[in-house]
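What follows is one structure encoded as structure tokens, with my remarks underneath.
The values are calculated or read from the model by the stated rules, or taken from the named source; none is laboratory data. Keep in mind that what you see is a predicted model, and the values were worked out from it rather than measured. Quick reminder, even Gly has a Cβ in these numbers, built from the backbone with ideal geometry, and neighbours come from all protein chains shown. Side chains are part of the model used for accessible areas, which takes the heavy atoms of the whole protein and leaves out ligands, DNA and RNA. Shrake-Rupley method; radii C 1.70, N 1.55, O 1.52, S 1.80 Å.
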Amino acid sequence: MIIRRSSETPARLWSGGTTRELFIAPVDSDYADRNFQVRLSTATVESEECLFTPLAGYERHLMVLEGTAHLEHQGHRSRDLRHFEVDTFDGAWQTLSQGLYRDFNLMVRYGSRGYLTHQLLSEQETLHLSPEPALLRAWYLISGRVELVSGEVLAAGDLLVIEPGDRLGLRSLQASQLVVSTIAF
């Protein structure tokens, strides 16, 4: 189990705004070198129009957390995204982004599969997950607070990664919204 606190993920500039790398695997990989298998990040898009960085060899999943987005995958298709909607696309596509929004990103090297979903937990709701030997699972807390069985408390902006074979037990201390990432190897 890995916990990444929001205070441990500094904001970095990209051509359209700011981004925070929440998780990258393997641990010694680097986004700039394009040698990672999985990357989770959040970003703010602060330019009304910008081009995404091309990521050949990767499948990209983008979920809008705030605002609305229009993605134009040039030569392929376009997509309008609202709150908690996801677009999955080839990282090699030239993608024009329009709109001001905040998003959550999952990038996986081809050969693996990724999925993003939104989950609401009501106050005092408990969640138990059994070990899955071929799945990496991560929960990004958008809002609220949750407590792990170990007693650690996660707040908005924190990320919890459950590695293949790990168990999870948590309880929502208040109504909470999460992004759930599932990566199948």
The chain - accessible surface per residue (Å², probe 1.4 Å):
47 Å²
Give me a comma-separated list of calculated 3J(HN,Hα) values for the range 73-83, in order, Karplus coefficients 6.51, -1.76, 1.60 applied at θ = phi - 60°, integers in Hz, x for any Gly or Pro.
8, 4, x, 10, 6, 10, 8, 9, 10, 10, 3
For the chain, using Cα atoms only, the Rg and Dmax in Å read 16.1, 50
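Give me the net charge of residue 41's neighbourhood, meaning all other residues with Cβ under 12 Å from the Cβ of residue 41; Lys, Arg count +1, Asp, Glu -1.
Working: positive: 4, 12, 20, 39, 60, 102; negative: 21, 103.
So the environment of residue 41 carries a net charge of +4.
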Amide H partners (placed H, <5 Å) of residue 68, local residues excluded:
100
Once the piece of chain linking residue 46 and residue 73 is laid out straight, how much longer is it, given 0.36 nm per residue of separation minus the C-alpha distance between them?
7.8 nm
Quick one: what Rg and Dmax do you get for the range 81-148 from the alpha carbons, in Å?
15.3, 44
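For the range 69-185, what's the relative contact order in percent, using C-alpha pairs closer than 8 Å and at least 6 residues apart? Write out the running numbers ahead of the final one.
Details: 241 pairs, mean separation 34.5, N = 117.
Across the range 69-185, relative contact order equals 30 percent.
Using a 1.4 Å probe over the heavy atoms of the protein chains, calculate the carbon and sulfur portion of the accessible area of the chain as a whole percent.
On the way: 4300 of 8670 Å².
Here it works out to 50 percent.
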